[in-house]
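The values are calculated or read from the model by the stated rules, or taken from the named source; none is laboratory data. What you see is a predicted model, and the numbers here were worked out from it, not measured in a lab. We place every Cβ from the backbone using ideal geometry, glycine too, and count neighbours over all the protein chains shown.
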Amino acid sequence: MSKRTALAIATLVAAASALTGCTGGVAPSASGDSNTITYLIAQPDVPENLEKMRQEIAGFEQSSGITVQLDVLPREQLHTVLQTQLRSGSGPDVFSYDTGPGFAGVLADAGLLHDLTDAYAQNDWQIYDWARERVTFDGKVLGVPDQVETLGIFYNKELFAQHGITEPANLAELDAAAAKLKAAGVIPIAFGDQEGWQGGHLLSMGLASRIGSQGMTDLVEGRVPWSSPEVVATISTFFDEFNRKGYLPESATAIGYDNANALFYSGQAAMNATGSWLVSDIINAADFEVGFIPFPGPDSRGIYAGGLGAGTFVSATTPAPDAAVRFLDWLQSPEHAVFDVTELQSIPAFPVDTSGVDAGPLFTQVLEQTSKMSSGSGDFGLNIDVLTTNQFNEAMEGGLQSVLTGDRSPQEVADALQAAFEQSTGS
Amino acid sequence: MSTATATRSVLAQTRREQGRLGVLLVAPALALFGVFFLFPLASAVFFALTSWNGSTPTAPFVGLANVREMLGDPAVWHALGNNLQWVLVGTAAPLLIGLLLAVLIWSGVRGVLAYRLIFFLPFLMPPIAIGIVWGWIYDPVNGWANRLLEAVGLGELARGWLGETGTALWAVLLAAVWSYTGFVVVIFLAALQNVDLELVDAARIDGANAVQRLWHVILPQIVPTFITVTTVTLVGGFSVFDIVFIMTGGGPGNATAVLGTYAYENAFNFSRVGYGTALALLITVLSLPFVVALNRVQRRLALRGMGGGAP
């Protein structure tokens, strides 16, 4: 064999090795130290909460000898940036991320999450069973759920009183209240759907009250098609009818989540349809009394939609898995859980003694609801997007935006939801 | 050994040494070309022929299935339509505005340096920052765009620019044109320094007006620069991603989706790295004919001796 031939073969082998090497997972994580972990969370809605968290984590660092580098990303960038970071091997060791197949499930499918099944057994973590299911993929528990939440309508009690409006007991009353507010120059419902996920939450609220918890379970589990008349009616009511009647801000698809909230805080809008995670922000930003009600059903006061929000996950490539697990264990300590509840108004997914907590009327109401939901004693609808796949969520979010912009009808979007559901579940 | 033979031997040795030196000199560039261009390209082609999901150790080979899927995927055609609009307007607008501004500045305005800085500044801003800032400008609640319209009595035109199907793509495109025009201005200004002023003066004396001087005297002297800028802008139109991703994420619905955002969505949101890579390659394949054609035009013009010199 001539030198030239040998060189050519060596080059080919190197190229082939490099090509196949490209398919072999991701590089080690950022910190590179077994006693230091990077912890990424979404930017808290209330900026002061970040400093509180830093101080709380400093206590853990002192007692454990583990260094925790806390990083934040704007909430809307967390899904896109984190996934890319993890795939390129430069992601954090521990991070907060939404649960369910459409979010953490995508990371699980890509092999980006550390298996915590053994850690659960060794540390006897008391996460609610229903919550643990949301972070279990292919029989492996891959995260620690840490945010129980409900979805409903926050309303400005002062504006309601000023315009002689009481809590709506059904959809017709909500319609009447919204018409009254609009006539008075108040935006009835602060709703911005620029990011798209807000539409999914609103559909969850509407469906919860229209078809009940069992009806939603049937939808999510494929026993009832998404193209059914109830889904079409729910989409039609809020995304078409309410929008055309001017109950939502103009160009809702151009308004981001934060700006929609700002409309509510400033008193320009009387209601805000979103989740209980906003309580902390509301307490800080609203200088009026706020009530929290479920999205009304056609003939009833309705029920709250609810479920699990975010969870905490560990990168599959972390060089510090033991330190990460110790950190997760501390996050579930009773002391830290009380800190979460009292300081951040965040509700963990395991039993917490809140008997001595001075939470204020709004958060007390939310605590009672989530307590009922967690123990299985109340009737709650489901939050769709944490239970469905990414393909379905994309179809839902884009589809509902299209109804708001008038490009597609509720029936077309409902049909698209069913098609996406069938495609993503292979049914 | 005769003198002639000795000379030939020395010449041959010199040629060999020159050859070796040539290889040595070219080797670093070749290595960089191989590592940063050929290898990624080969990887992309490889993955485009697979159904890899981004995590499995092996990438199942599917041949041309991704290409067949692309051809029948309505979302691809929709995104391609948006790309074509972007290419047409996103290329023509910065070129025309940039050329006019450059000629105006070049023709004797005071404070050329200040103008250069002002126009070039947006090009130095990262697309993420541009996207965020223009997102604020377009915000229907607090944005300047609507407030400005209301202030000048055009309040009925106020709308959610990024939230309506009919305006979203154009609103993003306007932000991109704003950021890119400064680059075109600076490049054209550099080229205009090489324009023969005697020819311009002669044309003026012969009675040519400003437009005629621009079209018949100035433009022919900067054609190579014009083509270079056109090529860069045009390719940018096919590969546009960041500013669309930041400002609208492809929405509302999929109104502003371009091939870049659709490729990202497939590769990262749906874990369809193979299909996403095939879409990314489609962007390259679509750009290539334009680049080759413009390159040929530029070479032909150079042979004819046209142009005051590329920057």
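Things worth noting here:
- Per this entry, A:ILE211 is counted among residues that are farther than 24 Å from A:ALA179 by Cβ and among the aliphatic types (A, V, I, L, M).
- Comparison of A:GLY302, A:GLY378, A:GLY267, A:GLY306 shows that the only residue that is over 30 Å from A:HIS114 (Cα atoms) and at pLDDT below 90 is A:GLY378.
- Conditions (1) in contact with a Gly (Cβ under 8 Å, 6 or more places away or on another chain); (2) part of a helix (DSSP H, G or I); (3) at pLDDT below 95; (4) not hydroxyl-bearing (Ser, Thr, Tyr): number failed by A:PHE339: (1)
- Residue selected from segment B:107-140 under the condition in contact with a helix residue (DSSP H, G or I) (Cβ under 8 Å, 6 or more places away or on another chain) and of a type in the set (Gly, Ala, Ser), by the criterion nearest to A:ALA262 (Cα to Cα): B:GLY135
- The one condition from (1) part of a loop (DSSP other than H, G, I, E, B); (2) out of contact with any strand residue (DSSP E or B) (no Cβ under 6 Å at 6 or more places or on another chain) that A:VAL279 does not meet is (1).
- Only a single criterion out of (1) in contact with a strand residue (DSSP E or B) (Cβ under 7 Å, 6 or more places away or on another chain); (2) hydroxyl-bearing (Ser, Thr, Tyr); (3) outside the structural domain of A:THR388 (by TED's automatic domain parsing) is not satisfied by A:THR136, namely (1).
- Residue within segment A:229-244 that is assigned by TED's automatic domain parsing to the domain that holds A:ARG301 and under 20 Å from A:THR389 (Cβ atoms) present: yes
- Residues of segment B:248-289 that are aromatic (Phe, Trp, Tyr) and modelled with pLDDT of 90 or more: B:TYR262, B:TYR264, B:TYR275.
- A single entry from B:LEU174, B:LEU149 fulfils the requirement of being within 14 Å of chain A (Cβ to nearest Cβ), without any contact (Cβ under 8 Å) to a residue 60 or more places away in the chain, more than 23 Å from A:PHE191 (Cβ to Cβ) and assigned to a helix (DSSP H, G or I): B:LEU149.
- With respect to the conditions (1) away from every other protein chain (no Cβ under 11 Å); (2) at pLDDT 90 or above; (3) within 25 Å of the chain's Cα centre (by Cα); (4) closer than 30 Å to A:THR405 by Cα, B:TYR138 lacks only one, and its number is (1).
- Taking the criterion of being within 11 Å of chain B (Cβ to nearest Cβ) and either assigned to a helix (DSSP H, G or I) or hydroxyl-bearing (Ser, Thr, Tyr) (or both), the residues of segment A:393-411 that qualify are A:ASN393, A:GLU394, A:ALA395, A:GLU397, A:GLY398, A:GLY399, A:LEU400, A:GLN401, A:SER402, A:VAL403, A:LEU404, A:THR405.
- The lone exception for A:TYR247 - which of (1) more than 14 Å from chain B (Cβ to nearest Cβ); (2) modelled with pLDDT under 95; (3) in a loop (DSSP other than H, G, I, E, B); (4) over 26 Å from A:GLY100 (Cα atoms) it fails: (2)
- Filtering segment A:342-358 to residues that are surrounded by fewer than 18 Cβ atoms within 10 Å (Cβ to Cβ) and either out of contact with any helix residue (DSSP H, G or I) (no Cβ under 6 Å at 6 or more places or on another chain) or free of Cβ contacts under 8 Å to residues at least 12 places away in the same chain (or both) leaves A:THR342, A:PRO351, A:ASP353, A:SER355, A:GLY356, A:ASP358.
Residues checked against (1) in a loop (DSSP other than H, G, I, E, B); (2) within 11 Å of chain A (Cβ to nearest Cβ); (3) out of contact with any Phe, Trp or Tyr (no Cβ under 8 Å at 6 or more places or on another chain):
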{"site": "B:PHE245", "(1), (2), (3)": "no, yes, no"}
{"site": "B:PRO252", "(1), (2), (3)": "yes, yes, yes"}
{"site": "B:ALA257", "(1), (2), (3)": "yes, yes, yes"}
{"site": "B:ASN266", "(1), (2), (3)": "no, yes, no"}
{"site": "B:SER271", "(1), (2), (3)": "yes, yes, yes"}
{"site": "B:GLY276", "(1), (2), (3)": "no, no, no"}
{"site": "B:LEU281", "(1), (2), (3)": "no, no, yes"}
{"site": "B:SER287", "(1), (2), (3)": "no, no, no"}
{"site": "B:ARG296", "(1), (2), (3)": "no, no, yes"}
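- Of all residues in segment A:363-390 being surrounded by fewer than 20 Cβ atoms within 10 Å (Cβ to Cβ) and not charged (D, E, K, R), the one that is nearest to A:GLN147 (Cα to Cα): A:SER371
- Test: residue in segment A:90-98 that is in a helix (DSSP H, G or I), in contact (Cβ under 8 Å) with a residue 24 or more places away in the chain, touching a strand residue (DSSP E or B) at 6+ places or on another chain (Cβ under 7 Å) and not hydroxyl-bearing (Ser, Thr, Tyr): no
- Of all residues in segment B:147-205, none satisfies the criterion of being acidic (Asp, Glu) and either within 19 Å of B:PHE119 (Cβ to Cβ) or in contact with a strand residue (DSSP E or B) (Cβ under 6 Å, 6 or more places away or on another chain) (or both).
- Each residue in segment A:370-392 was checked for being outside any loop (DSSP other than H, G, I, E, B) and within 23 Å of A:TRP197 (Cα to Cα), and 10 of them qualify.
- Matching residues, segment B:155-171, being surrounded by fewer than 17 Cβ atoms within 10 Å (Cβ to Cβ) and either away from chain A (no Cβ under 14 Å) or of a type in the set (D, E, K, R) (or both): B:GLU156
- Selection of segment A:100-115 for residues being part of a helix (DSSP H, G or I) and over 10 Å from A:PHE313 (Cβ atoms) yields A:GLY105, A:VAL106, A:ASP109.
- Residue match in segment A:91-108 (condition: surrounded by fewer than 19 Cβ atoms within 10 Å (Cβ to Cβ) and either within 30 Å of A:GLN198 (Cα to Cα) or away from every other protein chain (no Cβ under 14 Å) (or both)): no
- In summary, helices (runs of 4 or more DSSP H) completely within segment B:1-97 and bearing 2 or more residues that are within 13 Å of chain A (Cβ to nearest Cβ) occur at B:3-33, B:39-48.
- Any hit, segment A:315-328, residues being surrounded by 21 or more Cβ atoms within 10 Å (Cβ to Cβ) and either aromatic (Phe, Trp, Tyr) or outside the structural domain of A:THR136 (by TED's automatic domain parsing) (or both): yes
- Some residue of segment A:61-76 being over 19 Å from A:ALA316 (Cβ atoms), within 12 Å of chain B (Cβ to nearest Cβ) and not charged (D, E, K, R): yes
- Only listed residue being at pLDDT 90 or above and over 22 Å from B:PHE268 (Cβ atoms), chosen from B:GLY63, B:GLY111: B:GLY63
- Residue within segment B:13-24 that is under 30 Å from B:VAL229 (Cβ atoms), small (Gly, Ala, Ser) and surrounded by fewer than 18 Cβ atoms within 10 Å (Cβ to Cβ) present: no
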